[in-house]
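Each reported figure results from applying straightforward, stated rules to the coordinates on display, with no laboratory input. The shown structure was predicted, so the numbers you read here are calculated from the model rather than taken from an experiment. Note: ideal-geometry Cβ built from the backbone for every residue, glycine included; neighbour counts use all protein chains shown.
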Amino acid sequence: MDALIQYVKQCFKEEYTGHDFFHAQRVVSLAEKMYEKEVSFPKEEELRLIKAIGYLHDVVDEKLTSKREEHYQEINSLLEQEGFSPKEQEEILYVIEHLSFSKNQKERASLSLLGQIVQDADRLDAIGAIGIARAFAFGGRKDQALYDERFPLIKKIPEKRSSSTLHHFYEKLFFIENQMNTKIGQAIAKERTQYLKKFTEEFLKEWQQKN
Ligand code: ADP
Ligand code: NI
């Protein structure tokens, strides 16, 4: 898997909006752990598929790259090199094409169990302590306010971009626990969401102290 990992590192060399190589690494290791809990007999070849999907899942995201075709060519030859069968290559490509959160708002693609596990791991990385850090890093990068008290905090999917990073919690992150595919994903999401809520409470308490 070394060549594939080096390739992903290279792709995210200058990416600081929270979709960096370390995000891919966390997704892989959380997905591996979830897989081992979710199935009774873990298989080495399925763990290999999870690794490939996890590392590659953001490489062809249209938000992050304008060179999708080139990436697909590169990915095809890397997967071939790694010895994945044509059927496995097809599964990996299908999942990385359909995994993204934003895509699933419009239509819900049906993913294989392995795809569902990596999708859960990807979404879990948007909540909890690292999820909070990623959201504020993303917000800073996009010149988005930490919070904007002119707009109400309402739990609903917005039509336009969020008014602030704290709004993003209400508009996306608090929905994640109900969007998990797997039981183990649900349990982790519940715990992390409690942490997000506690953080939000503290944030608003400190914010209000300035008034
Ligand atoms: P996906 O990779 O599933 O398409 P996104 O690109 O929407 O998901 O989100 C990736 C990361 O960026 C997540 O950690 C998410 O919380 C963060 N993010 C996305 N949009 C915003 C926003 N408007 N404000 C703050 N963080 C955001
Ligand atoms: Ni991701």
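Most exposed first by the Cβ proxy, i.e. fewest other Cβ within 10 Å, how do MET180, MET1 rank?
Values: MET180 19, MET1 13.
Fewest-to-most ranking of MET180, MET1: MET1, MET180.
Once you have the Kirkwood Rh of the stretch 1-116 from its Cα pairs, apply Stokes-Einstein at 4 °C and 1.567 mPa s and quote D in µm²/s. Display every interim value, and only then the final one.
On the way: Rh = 14.6 Å.
In µm²/s, the coefficient rounds to 89.
If you rank PHE41, PHE203 by fewest surrounding Cβ atoms within 10 Å, what's the result? Don't jump to the answer; show the numbers that get you there.
Working: PHE41 5, PHE203 16.
Listed from fewest to most nearby Cβ atoms, that is PHE41, PHE203.
Which of SER110, SER40, SER100, SER85 comes first, and how do the rest follow, when ranked by fewest Cβ neighbours within 10 Å? The partial results should precede the final answer.
Numbers: SER110 8, SER40 4, SER100 18, SER85 11.
Placing the least packed residue first, the sequence is SER40, SER110, SER85, SER100.
What are the semi-axes of the equivalent ellipsoid for the stretch 86-211, taken as the square roots of 5 times the Cα gyration tensor eigenvalues, largest first, in whole Å? Before the final figure, lay out each step's value.
On the way: eigenvalues 185, 49, 29 Å².
Square roots of five times the eigenvalues give 30, 16, 12 Å.
For the chain, state what percent of all Cα-Cα pairs lands in each successive 10 Å bin, counting from 0 Å until the bin that includes the largest distance.
8, 33, 35, 18, 6, 1, 0
Tell me the mean residue ellipticity at 222 nm calculated for the chain from its helices only (DSSP H runs of n ≥ 4, each -39500 (n - 2.57), averaged over every residue, nearest 500). List each step's numbers first, then the result.
Working: 10 runs with 134 residues, N = 211.
Mean residue ellipticity at 222 nm (helix-derived): -20500 deg cm²/dmol.
Roughly how tilted is helix 183-209, in degrees to the nearest 10 and between 0 and 90, from the longest Cα axis of the chain?
30 degrees
Expressed as a whole number of Å, what is the distance separating the alpha-carbon centroids of the stretch 114-138 and the stretch 1-75?
13 Å
Among GLN179, GLN144, GLN73, determine the one that fluctuates most according to a GNM of the chain built with springs between C-alpha atoms less than 10 Å apart.
Sorting by GNM fluctuation, first place goes to GLN73.
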